[in-house]
Amino acid sequence: MEKKRMFILIIAVIGMIGAFLPWYTVFGSINVSGTEDGGWLVVILFAAGGAIAFFAGDKMESLAKKFLSGVWIPAAIAFLLILTKIFKSRPGLSLGIGIWIVALAALAQIFITFFYKGAAGWDMPKSMADVKKAAGIPTPEKEPEIAKPAAPVTPVAPVTPVAPVVTPVAPVITPVAPVTPAAPEVQEEEPVEPEPNE
């Protein structure tokens, strides 16, 4: 059997065993197994991932990418189910070993599915894009890059607007010579001759 398939199958069996172990201890003396508190769903989820690893395709070849979501999605659901049970624990209840085994098995199943490549070894993500690629989540295509200029352009300082400079202009007064009034023209009167008296 191919290594990745074998690891998926082993982790699925460990997760199913964790469902039968104690999930809670009540007042330190009574153990409550996972099958008494919704653990059957966890068994079914891990069994689905294990069945895919065991029955899908040729066992000597790596699991096809189209089947990987059938392994990691049930493991993620099991992890979320366990997480809700951990956070909803009540006073007087202490968490048992089974709930921690199931939580770790679910995380390991997801991790192995995404990042273990079988004979090629581990392919650890370097960015979020690598995680999306491993999960099979389509990423938008990159837009073509615009050609960059050959030489860097030196930045030019922005021009600050300047208010127009207005210089006050004093009114120009030209001195005017005083005007002297002209003497009135005197008309010479013609002598008037006296009129004869008769």
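Within segment 43-65, is even one residue outside any helix (DSSP H, G or I), of a type in the set (S, T, N, Q) and in contact with a strand residue (DSSP E or B) (Cβ under 9 Å, 6 or more places away or on another chain)? No: zero hits. Here is a check on your reading of the model: is Lys85 among the basic types (Lys, Arg) and within 26 Å of Glu36 (Cβ to Cβ)? Criteria met by Lys85. The criterion of being among the aromatic types (Phe, Trp, Tyr) and under 33 Å from the mean Cα position of the chain (by Cα) holds for Trp100. Flag: Gly49 matches the condition of being farther than 18 Å from Trp100 by Cβ and either touching a helix residue (DSSP H, G or I) at 6+ places or on another chain (Cβ under 6 Å) or polar (S, T, N, Q) (or both). If you go through segment 63-80 and keep only what is in contact (Cβ under 8 Å) with a residue 40 or more places away in the chain and surrounded by 18 or more Cβ atoms within 10 Å (Cβ to Cβ), you end up with Leu63, Leu68, Val71, Trp72, Ala75, Ala78.
Conditions tested, residue by residue: (1) under 33 Å from the mean Cα position of the chain (by Cα); (2) of a type in the set (Ser, Thr, Tyr); (3) at pLDDT below 80.
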residue: Asp37; (1), (2), (3): no, no, yes
residue: Val42; (1), (2), (3): yes, no, no
residue: Ala47; (1), (2), (3): no, no, no
residue: Phe55; (1), (2), (3): no, no, no
residue: Trp72; (1), (2), (3): yes, no, no
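Take the conditions under 27 Å from Lys117 (Cα atoms) and of a type outside the set (A, V, I, L, M) and apply them to Ser29. Does it pass? No: the conditions fail for Ser29. Residues in segment 39-95 that are out of contact with any Leu (no Cβ under 6 Å at 6 or more places or on another chain), among the small types (Gly, Ala, Ser) and within 21 Å of Phe111 (Cβ to Cβ): Ala47, Ala48, Gly49, Ala51, Ala56, Ser62, Ala64, Ser69, Gly70, Ala75, Ala76. Within segment 25-40, the residues that satisfy the criterion of being exposed (fewer than 15 other Cβ atoms within 10 Å of the Cβ) and assigned to a helix (DSSP H, G or I) are Glu36, Trp40.
The values are calculated or read from the model by the stated rules, or taken from the named source; none is laboratory data. As the structure is a prediction and not an experimental result, all values here were calculated from the model. All Cβ positions, even for glycine, are placed from backbone atoms using ideal geometry, and neighbour counts span all protein chains on display.
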